[in-house]
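Down below is the structure, laid out as C-alpha cells.
The values are calculated or read from the model by the stated rules, or taken from the named source; none is laboratory data. Keep in mind that what you see is a predicted model, and the values were worked out from it rather than measured. Glycine also receives a Cβ, built like all others from the backbone with ideal geometry; neighbour counts cover every protein chain displayed.
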Number of protein chains: 2
Amino acid sequence: MNQSELISLLAPETVKIDQAMRHDLALVESPRLREVLEYAIFTGGKRVRPLLTILAARLCWQNQGKDIAPEMTTNLYRLALSFEYLHAASLLHDDVIDRADSRRGRPTANRLWGNSHVILAGDFLHARAMLLAGTIGGAECLSVIGSATEAMVESEFLQIDNAETQETSERRYFEVLEGKTAALIAAATTTGALFAGASLAEQQALHTFGRNLGLTFQIVDDLLDYQGDPQKTGKAIGNDFQEGKMTLPLIIALEQACPHDKTILTNLLDNTAEERQKNLPHAHQLIEKACGFEAARDKAKGLVREALTALTIFPRNKEQEIMTALAGYVLARQG
Amino acid sequence: MNQSELISLLAPETVKIDQAMRHDLALVESPRLREVLEYAIFTGGKRVRPLLTILAARLCWQNQGKDIAPEMTTNLYRLALSFEYLHAASLLHDDVIDRADSRRGRPTANRLWGNSHVILAGDFLHARAMLLAGTIGGAECLSVIGSATEAMVESEFLQIDNAETQETSERRYFEVLEGKTAALIAAATTTGALFAGASLAEQQALHTFGRNLGLTFQIVDDLLDYQGDPQKTGKAIGNDFQEGKMTLPLIIALEQACPHDKTILTNLLDNTAEERQKNLPHAHQLIEKACGFEAARDKAKGLVREALTALTIFPRNKEQEIMTALAGYVLARQG
C-alpha cells in the first residue's frame with residue numbers, strides 16, 4: 001500500500017472521528033469554552049491516536065471472527081476520542097508552559113484567549129477523556145489511560161531534571177520519550193485491544209506496536225528538525241540545536257564522535273542560543289560525520305521492524321495492512 | 001455536639017485520610033513531582049471533601065444494617081482521596097491562572113516552583129483522582145466525578161463571562177456557585193452513597209446535603225470577606241469589594257437598596273481598585289443598611305436547613321450527628 005492509497009483509505013475514518021467529536025462537544029454549555037475547544041481540536045490533524053484505537057480493536061475483532069453490533073462500533077469511535085482529547089489537552093497545557101505563540105502556523109490558543117481559558121479548556125478535555133474511557137471502556141481502559149497520563153507528567157518532570165543536570169545519556173532520552181510520546185500511543189492501541197476483548201498476547205502485541213510507533217514518531221521529529229524541508233514541516237530548521245535540546249542525533253554524535261570533534265561539539269553547545277544558531281551548519285556537519293543521523297534513523301527503523309513483527313501474530317488482513325502502511329508512513333514522513 | 005467535640009471526633013479520620021494519601025503518593029517516581037504534590041496537599045487542611053464521602057457511605061451502610069468487610073473500608077478511604085486530589089488540582093491551576101503569590105499564609109506552589117511544574121502537578125492529581133474514582137468506584141462514580149469537573153470548568157467560563165458583562169443577578173451568582181463549589185462537594189457525598197450501594201432516595205438526599213453544604217460554604221466565605229476577623233480567617237478584609245467581585249451580600253444589597261443608595265454603591269464599584277479599597281467602610285455600611293449581610297446569612301441558613309431535612313430519611317445515628325454538626329460548623333465558622 002503506498003502513501004496516497006493509505007491516505008484515501010483513512011480519510012473517511014478521519015471524517016467519522018471528527019463527526020463523533022463534534023457530536024460529543026455539542027454538550028459544552030459555555031459558548032466561549034466550545035470556541036476554545038474547537039480551535040484546539042479541529043486543526044486538520046490526522047487523528048492518528050484515535051485511528052490506532054479503532055484499527056487495533058478491528059484487528060482483534062477480525063481475529064475473533066465475531067460479528068460486531070453497530071452500537072459497539074459507535075462506542076468504539078467515542079472511546080477513541082479520549083486519545084485525541086488527551087493529546088489536545090497536553091498540547092494546550094504545553095503551550096501555556098512554553099509560552100508558545102504559534103503552533104503549526106497558527107497562533108496558539110493561549111495567545112488568542114489567554115492562559116486562564118486555555119488551562120481550563122485543557123482540564124475539561126482531560127476530564128472528558130477519562131470519563132469516556134471509564135464509562136465506555138471500563139475500569140481496565142481507564143487504568144491504561146490514567147497510567148499513561150501519569151507517565152506523561154512524570155516524564156515532563158524527568159525532562160526538566162535532565163535539562164538542569166545536562167543529562168545526555170541515550171537511556172535517559174528514551175526514558176523521557178517512553179512517557180512523553182510512547183505511553184499515550186501505546187495506551188491508544190491497548191485500549192482498542194481491551195475494548196475488543198483481546199487475549200493477553202494480542203494486547204501485548206498491540207502495546208508494542210503503539211509504543212514503538214510513538215518512539216519512532218519522536219525520533220523522526222528529531223531528525224526532521226535538522227534535516228527537514230521547512231516547506232514540508234512548516235517549521236524552521238535547527239530549533240532543537242538552537243535551544244540546546246539533547247535530541248537523539250546529537251546524543252549519539254556526542255557518544256560516537258572522536259574526542260577532538262566531541263570537544264568542538266560540546267563547546268558549540270555551551271554557548272548562547274544566538275551563537276548556536278550561527279553555528280548550526282558546523283554542528284550539523286559534526287553530527288553527520290559521527291553518523292548521528294544515520295544511527296538515529298537506524299534506531300527508528302529497528303523500532304518499526306519490531307512493531308511489524310509484533311503484528312505477525314494476527315492473520316494478514318486489511319487492518320493489518322493499514323497499520324503496516326501507517327508505520328511505514330511514520331518512518332518516511334517528511335512533514 | 002459542639003464544635004470541639006466535632007473536631008476531636010474527626011481528627012482521627014483526618015489522620016487516616018492523610019495516611020492513605022501518603023501511601024498513594026509514594027508511587028510517584030519523580031522526587032520533584034512528589035515534592036510539589038506534598039506541598040500542595042499536606043497543608044493542614046480539614047479534608048472536608050473526603051470526609052464527606054466516608055461519612056455518606058457509612059450513613060448508607062448503617063441504614064442497610066450490613067457488616068462491612070475491612071477491605072471495603074480501605075477502598076472507601078482510597079476512593080475518598082479523589083476529592084482531595086481534585087480540590088488540590090483545582091487550587092493549583094487556579095493559583096497559576098490568578099498569578100497568586102500566597103495562599104493561607106504560605107507562598108503558592110507556582111511561586112516556589114514556577115507555572116510549568118504546577119500545571120503538570122495539577123494534571124497528575126487530576127488523572128489520579130479520575131483513576132481512583134473509576135477503578136474503585138466504577139463507571140457510575142467516575143461519571144459523577146467527571147461531570148463535576150466539567151461543571152467546574154464550565155462555571156469558571158461563566159464567571160469570566162459574567163465579569164465581562166457585569167452580570168449581577170442572584171441567579172447567575174448561584175449558577176456559577178453550583179459548578180464552582182457545590183458540584184464537587186455534591187459529587188463527594190453522592191460517590192460515598194454510590195459506593196455503599198445506596199438507594200436512589202439515599203443518593204438524592206446525600207446529593208442535596210453535599211450541594212447545599214457547598215453553597216453555604218461559599219456564601220459564608222463571601223460574608224467573612226466583609227465581616228471576618230483577619231486573625232481568624234488569615235485574610236485581609238474587603239478583598240472581594242476591592243477586586244470589584246460581585247458576591248452575594250453585594251448582589252442582594254444592589255437589589256434591595258433604595259434608588260439613592262443603589263446609585264452611590266454602583267458609583268463606588270465603578271471606580272479603581274485603589275478607590276474601592278478606600279471606600280470599603282462606606283460600601284460596608286450601605287450593604288448593611290440594605291440588609292445585604294443579613295439576607296445572605298438567611299440564605300445560608302435556609303440551605304443548611306434544607307440539607308438537614310434531606311438527612312431525615314436516615315435513622316438517627318452517629319454519622320448523621322457528625323454530618324449535622326459539620327453543617328452547623330460550616331455555617332458558624334469564623335475562619
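Results for (1) surrounded by fewer than 20 Cβ atoms within 10 Å (Cβ to Cβ); (2) within 13 Å of A:Thr191 (Cα to Cα), shown as yes or no for each residue.
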residue: A:Pro50; (1), (2): no, yes
residue: A:Arg58; (1), (2): no, yes
residue: A:Pro70; (1), (2): yes, no
residue: A:Ala80; (1), (2): no, yes
residue: A:Ala89; (1), (2): no, no
residue: A:Val96; (1), (2): no, no
residue: A:Arg99; (1), (2): yes, no
residue: A:Arg104; (1), (2): yes, no
Considering only residues that are within 9 Å of chain A (Cβ to nearest Cβ) and of a type in the set (S, T, N, Q), look in the stretch B:140-165 and name the one that is farthest from A:Gly122 (Cα to Cα).
-> B:Ser143
Those residues of the stretch B:121-139 which are more than 18 Å from B:Gly197 (Cβ to Cβ) and within 7 Å of chain A (Cβ to nearest Cβ), in sequence order = B:Asp123, B:Phe124, B:His126, B:Ala127, B:Arg128, B:Met130, B:Leu131
Would you please name the residue that is nearest to the chain's Cα centre (by Cα), looking only at residues in the stretch A:157-169 that are loosely packed, with under 15 Cβ neighbours inside 10 Å and assigned to a helix (DSSP H, G or I)?
-> A:Ala163
Residue among B:Thr135, B:Thr149 that alone is hydroxyl-bearing (Ser, Thr, Tyr), modelled with pLDDT under 95 and under 18 Å from B:His87 (Cβ atoms) = B:Thr149
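Somewhere in the stretch B:182-200, is a residue more than 30 Å from B:Ser147 (Cβ to Cβ), surrounded by fewer than 22 Cβ atoms within 10 Å (Cβ to Cβ) and either in contact (Cβ under 8 Å) with a residue 60 or more places away in the chain or of a type in the set (A, V, I, L, M) (or both)?
Start the filter on the stretch B:182-200 by keeping residues that are more than 30 Å from B:Ser147 (Cβ to Cβ), which leaves none.
Checked against the condition, which is being more than 30 Å from B:Ser147 (Cβ to Cβ), surrounded by fewer than 22 Cβ atoms within 10 Å (Cβ to Cβ) and either in contact (Cβ under 8 Å) with a residue 60 or more places away in the chain or of a type in the set (A, V, I, L, M) (or both), the stretch B:182-200 yields no hits at all.
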For the stretch B:29-83 the number of residues that are over 23 Å from the mean Cα position of the chain (by Cα), within 27 Å of B:Thr312 (Cα to Cα) and β-branched (Val, Ile, Thr) is 2
Being outside any loop (DSSP other than H, G, I, E, B) and under 15 Å from A:Glu274 (Cβ atoms) is the filter here, so list the residues in the stretch A:235-250 that pass it.
-> A:Asn239, A:Phe241, A:Gln242
Pairs, please: C-beta under 8 Å, at least 6 apart or cross-chain, first residue farther than 18 Å from A:Ser169 by Cβ and in the stretch A:251-270, second surrounded by fewer than 16 Cβ atoms within 10 Å (Cβ to Cβ)?
-> A:Asp261/A:Lys289; A:Ile264/A:His282; A:Leu268/A:Glu275; A:Leu268/A:His282
Residues that are within 14 Å of chain B (Cβ to nearest Cβ): which helices (runs of 4 or more DSSP H) entirely in the stretch A:1-120 hold 3 or more of them?
-> A:31-41, A:70-97, A:109-113
Subset of the stretch B:84-114 [aromatic (Phe, Trp, Tyr) and either more than 25 Å from A:Glu156 (Cβ to Cβ) or modelled with pLDDT under 95 (or both)] | B:Trp113
Residue satisfying all of: in the stretch A:175-200; of a type in the set (Val, Ile, Thr) and under 11 Å from A:Thr53 (Cβ atoms); nearest to the chain's Cα centre (by Cα) among these | A:Ile185
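On the given criteria, is A:Gln203 assigned to a helix (DSSP H, G or I), more than 16 Å from the chain's Cα centre (by Cα) and modelled with pLDDT under 90?
On the way: assigned to a helix (DSSP H, G or I): yes; more than 16 Å from the chain's Cα centre (by Cα): yes; modelled with pLDDT under 90: no.
So A:Gln203 does not fit the description; no.
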